[in-house]
Amino acid sequence: MAKLSEKIGYALGDAASGGITWKIMSIAFPFFFTNVFGLSLGDTAALMLIARMFDVVTDPLMGSLADRTQSRWGTYRPWLIFGSIPFGLIFAMLLFTPDFGPVGKRVWAYALYLLMMAVYTLVNVPYGSLLGVMTDDDNEKNQFSSYRMVGAYAMGFVTLLSFPYLQKMVGGTDQHQYAVLGASFGVLACLMTLACGLMTKERIKPKRAEKFSFKQFADLFKNKPWIYLTTIGICTNFFNGFRYAVASYIFTYCMGGDITVSGLIINYTVFMAFGEVTCMIFGGVSPKFTEWIGSKRMAFVWSSVICCILSVFFFFIPMDPSCIWLMVVLVVLTSVGVGLYSPLLWSMYADVADYATEKFGTSSTGLIFSSGTMSQKLGGAVSGALITLLLGWAGATMITDAMGNESIDPASVNDSVKTMIWSLFSLFPAAIALVMGLLAYFFPIKK
């Protein structure tokens, strides 16, 4: 039976990757690249799509490499321990805006973003795979997964809630604010990742396929549960990706800027922070909810239904700052569904890894969990790229300031663009939630 300290240590891993780096990358990067860093809508969309094609190759290779690692620290933990410093450092560099011309900035953004995706893979694929070797008890896997989600959402809440206040405290230009906060959060992510590697234990020795073989990759496509769950994982991250990435555009172009209510600054990060604390609470409730429903599969289905219905409701809220609390209520209620299904996803990946070991004879835990990381990055970045493309299709155009930086022209944000922004936060995610609920209903493993 694992100690509480180990469960907290495991939670720190996703507090770093999910609660800090990925949260900032999901919610701030499309806006940061177009309105602060100075990339065009087309460059931002292309950057995120190219990075995803890069991940399609690197994530499975990292999973296969991690499965074959042998060291005094175990199979997966050394990647956390020794990957923690580059993880924090590259994240900090990515939020720095160099004093380069348009071409230099483009090169910097592409190089650093691809490096960040690579190091995120290097750390997060082994982190996810740890769940498969820390315990063979299904209930304890659910507990570890629940702690993981609580850690991610608790840190996400702190990150998003504090972001505008930290920006105000740092002062100066937007570029200066993002650079300082990138360095600060990068150090914190580094320390949390290192602590996770040191505080966890690997108790189960995987059945290794010592020699590299493409057979393991081919076996994935014979693994029906893996195909279903990977598609579900992509859907969950499309759902979150649209909502988090478009939140900044809601406040900038639909609400007319930040809203102050009784001294509380509500901007896009604080707005989504209300959902984070809800996800944290219901991530902790998820194991009990699953027991009550009777299976992970059906618990996931009902969570998806909650997300679908409430996302549709959001579309009918008026675009008016006076409706901010109604908007917050809908975000909170939608996050109940997100909080319930998030731990289930990773616990179901552990079930798929066990199924693969039984069916094919060797462990491919890292390879299977890498698809979870790949779907996370694919959903987050493709949704971010689609947002910029769809806003351009709706009529948004770019302007260039005296320094050569590009940003969306406020004059081009007409009713069509605003409706597209509102739909990207509500109707698009609702359709995705419906699809992932249907996929979960037909998921072959009935645990």
Label-to-label distance, nm, for residues given as M169 and A111 (7 Å Cα→Cβ offset):
3.3
Near A111, within a Cβ-to-Cβ distance under 14 Å, what is the net charge of the other residues, with Lys and Arg +1 and Asp and Glu -1?
+1
Quick one: helix 22-31 against the long Cα principal axis of the chain, what's the angle to the nearest 10°, folded into 0 to 90?
30
Test of understanding: what is the full-extension gain from I293 to S71, defined as 0.36 nm times their sequence separation minus their Cα-Cα distance?
75.8 nm
What number comes out for the charge environment of F144, summing +1 per Lys or Arg and -1 per Asp or Glu over other residues with Cβ under 9 Å away?
+1
From a point 7 Å beyond the Cα of I309 in the direction of its Cβ, which residues of the range 287-301 have a backbone N at a distance under 13 Å?
none
Long-range HN-HN contacts of I266 with modeled amide H, under 5 Å:
I259, T260, V261
Using a 1.4 angstrom probe on the protein heavy atoms only, line up D14, D415 by accessible area, largest first.
D415, D14
If amide H atoms are modeled at 1.01 Å from N in the peptide plane, then the residues at a separation of 5 or more from M398, or on another chain, having amide H under 5 Å from its own are D409
Taking only C-alpha pairs under 8 Å that are 6+ residues apart, what is the relative contact order of the chain in percent?
30
Contour minus Cα-Cα distance for V261 and L438 (0.36 nm per residue):
59.7 nm
At a Förster distance of 35 Å, what's the computed FRET efficiency of K3 paired with N414, Cβ-Cβ distance as r, to 0.05?
0.05
Using only the alpha carbons of the chain, what is the convex hull's orientation-averaged projected area in square nanometres?
19.9
Charge sum, other residues only, whose C-beta stays under 12 Å from V338's C-beta, Lys/Arg counted +1 and Asp/Glu -1
0
In a Gaussian network model of the chain with springs linking alpha carbons closer than 10 Å, the residue among C196, C323, C235 that fluctuates most is C323
I'd like to know which of S416, I259, G156 lies farthest towards the positive end of the charge dipole of the chain, counting +1 on Cβ of Lys and Arg and -1 on Cβ of Asp and Glu.
G156
Rounded, prolate or oblate: which fits the range 79-169, taking a ≥ b ≥ c as square roots of the Cα gyration tensor eigenvalues, rounded meaning a/c under 1.5, else prolate when a/b beats b/c?
oblate
Taking θ as phi - 60°, what are the ³J(HN,Hα) couplings along the range 61-68 by the Karplus curve (6.51, -1.76, 1.60), each to the nearest whole Hz, with x for Gly and Pro?
4, 5, x, 5, 5, 4, 4, 9
Hey, quick one: spin label on T231, modelled 7 Å out along Cα-Cβ, who in the range 411-447 has an amide N within reach, i.e. under 17 Å?
431-446
Past the 26 Å Cα-Cα mark, which pairs from K201/K222; K288/K359; K7/K205; K3/K222?
K201/K222; K288/K359; K3/K222
Where chymotrypsin sites (Phe, Trp or Tyr not before Pro) fall in DSSP loop in the range 260-345, at most 11 other Cβ within 10 Å:
F316
With everything on Cα atoms, drop me the angle between helix 102-129 and the longest principal axis of the chain, reported from 0 to 90° to the nearest 10.
30
Please list, in order along the range 429-436, the HN-Hα scalar couplings obtained from phi with the Karplus expression 6.51 cos²θ - 1.76 cosθ + 1.60 (θ = phi - 60°), rounded to whole Hz, x for Gly and Pro.
x, 4, 5, 5, 4, 4, 5, 5
Once the Cα atoms of helix 138-170 and of the chain are each reduced to a long axis, what angle between those two axes, in degrees from 0 to 90 to the nearest 10, is obtained?
20
Given a Förster distance of 22 Å, report the FRET efficiency between K446 and D136 from their Cβ-Cβ distance, rounded to the nearest 0.05.
0.70
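The values are calculated or read from the model by the stated rules, or taken from the named source; none is laboratory data. This one's a predicted model, so the numbers in the text were calculated from it and none came from an experiment. Note that each Cβ is placed from the backbone with ideal geometry, even for glycine, and that neighbours are counted across all protein chains shown. For accessibility, only protein heavy atoms count, side chains too; no ligands or nucleic acids. Shrake-Rupley method; radii C 1.70, N 1.55, O 1.52, S 1.80 Å.
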